[in-house]
Every structure is written in structure tokens, then in C-alpha cells.
Amino acid sequence: MAMAWVWSGMVALSVVCGLFKGTIGAVGSAALEGAGAAVELCLGMAGVMCLWNGVMSVMKACGLLDGLCRLFRPLLGRLLPRASQDPDTLAALSGNVSANLLGLGNAATPLGVKAAQRMAAGTGGRATDELCRLVVLNTASIQLLPTTVAGVRAALGAESAFDILPAVWTASALSVAAGLLAAGIFSKIWRN
């Protein structure tokens with residue numbers, strides 16, 4: 001809701017400034033150009049998202065996704081020990097991490113929501129330390145293949161959409177480490 005107010009304010013401010021400066025025609029033209037560019041970007045992204053969602057479906061059908069989930073279960077068992085005791089929650093967590101690794105945030109979100117709902121059951125509306133760690137892992141996820149960002153770069157004409165891999169790997173690993181460290185520190189501060 002707050003973002004609706006921010007965007008509405010920005011639009012209103014642009015119109016008022018355009019009226020006072022006598023450039024309302026340029027404001028209208030820029031709005032139409034921006035809308036056209038947004039549609040082009042969305043169409044370019046749709047192809048990339050369809051491709052990677054298809055890859056995810058093929059991985060699921062051939063059992064590779066289940067293998068990735070099994071690979072992450074020991075790590076998730078250490079980070080989220082209570083949640084890992086429930087097989088359905090652990091399956092959702094593993095799928096969430098696997099989808100995030102492939103840069104498929106749109107596929108990871110439903111699994112993360114399912115895991116969070118199962119973890120929040122019986123907590124009386126209070127976020128547990130494990131639920132906070134899940135939010136950190138989901139928000140600052142490590143991405144091996146940043147497909148969404150690469151899709152945006154490809155749609156905007158980048159010569160090599162995946163040349164950002166080393167920077168993405170470093171930034172995402174550091175953000176997850178910093179987030180988990182902060183979650184651990186804050187959980188100790190508020191527990192006392």
C-alpha cells in the first residue's frame with residue numbers, strides 16, 4: 001500500500017512539474033515511451049522465464065531436482081533443525097533453495113511460502129528464529145544461475161547475458177553469510 005502512495009506521488013509531482021515548466025507534452029511522451037519499453041521488456045522476459053521454468057520441469061521429471069533437494073537436506077538440517085524434522089517442510093525448503101540456486105525466484109516463492117506456513121503453525125503469530133533464517137535464506141539466496149537478471153540483460157541487448165556470474169556468486173554468498181550472521185546475532189540479543 002505504501003508503494004502505491006509513493007508511485008502516485010511521483011506521477012502527480014511529474015505532472016505538476018510538467019505543467020509549471022511548460023513541458024507537459026514531454027512528460028506525456030516519456031510516460032508512453034516508458035510504457036512501451038516496459039511491454040517490450042516483459043515480452044523478452046516471458047521467453048526466458050518460460051525456458052527456465054521448462055528446464056525446472058524437466059529437472060523435476062528426470063529426478064535431478066530431487067537429487068538437488070537431497071544434496072541440501074544436511075545443510076538445511078543444520079540451519080533449520082526443527083523444520084527439518086517434518087518431511088513436507090523439508091521438501092518445500094529443499095525445493096525453495098534449489099529453485100533459488102537456479103535463479104527461479106518465481107518458482108521458489110510458492111515453496112518458500114509453503115515452508116513458512118508450515119513453520120509458523122503453532123507459534124501464535126510470532127516469528128521463530130528458524131522462520132527468520134528462512135526469510136534470510138530466501139531473500140539473499142545464493143544463485144548459481146541468475147536467470148532472471150540474465151533474462152533482463154538479454155532482453156536489453158547484452159552481448160553476453162551471463163558474464164556477470166563471478167560478481168553474482170560473490171555478492172550472493174556474502175549476502176547470505178551476512179544475513180545469517182545478523183540473524184544469529186539478533187536472535188541472541190532478543191532472547192536475552
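Some observations on this one:
- On the beta carbon distance between Asn53 and Trp190, with R0 = 25 Å, the FRET formula returns roughly 0.05.
- Three-way shape call for segment 1-108 based on the alpha-carbon gyration tensor, with the a/c threshold at 1.5: oblate
- If only the Cβ of Lys and Arg carry +1 and only the Cβ of Asp and Glu carry -1, the dipole of segment 91-187 around its Cα centre is close to 300 debye.
- The helix-only estimate of mean residue ellipticity at 222 nm for the chain, built from DSSP H runs of length n ≥ 4 each weighted as -39500 (n - 2.57), is -27000 deg cm²/dmol after division by the residue total.
- Of the solvent-accessible surface of the chain, computed with a 1.4 Å probe and all protein chains present, 70% belongs to carbon and sulfur.
- Rg then Dmax, both in Å and based on the Cα atoms of the chain: 21.0, 65.
- Efficiency of FRET from Cβ geometry, Asp86 and Thr23, R₀ 41 Å, rounded to 0.05: 0.10
- Rolling a 1.4 angstrom probe over the protein heavy atoms with all chains in place gives the chain an accessible area of 62 Å² per residue.
- Farthest positive-ward along the chain dipole, Cα basis, beta-carbon charges - from Gly112, Leu90, Ala154: Leu90
- Rounded to the nearest 20 debye, dipole of the chain from Cβ charges on Lys, Arg, Asp, Glu: 700
- Set of segment 129-160 residues, backbone N closer than 11 Å to the point 7 Å along the Cα-Cβ line of Ala182: 136, 140
- Candidate aspartates and glutamates - alpha carbon under 20 Å from Lys60, same-chain residues fewer than 8 apart omitted: Asp88
The values are calculated or read from the model by the stated rules, or taken from the named source; none is laboratory data. Computed from a prediction, not measured in an experiment: that's the story for all the values here. As a convention, Cβ positions derive from the backbone with ideal geometry for all residues, glycine included, and neighbour counts pool all protein chains shown. Just so you know, the surface numbers come from the protein's heavy atoms only, side chains and all, with ligands and any DNA or RNA stripped out. Shrake-Rupley method; radii C 1.70, N 1.55, O 1.52, S 1.80 Å.
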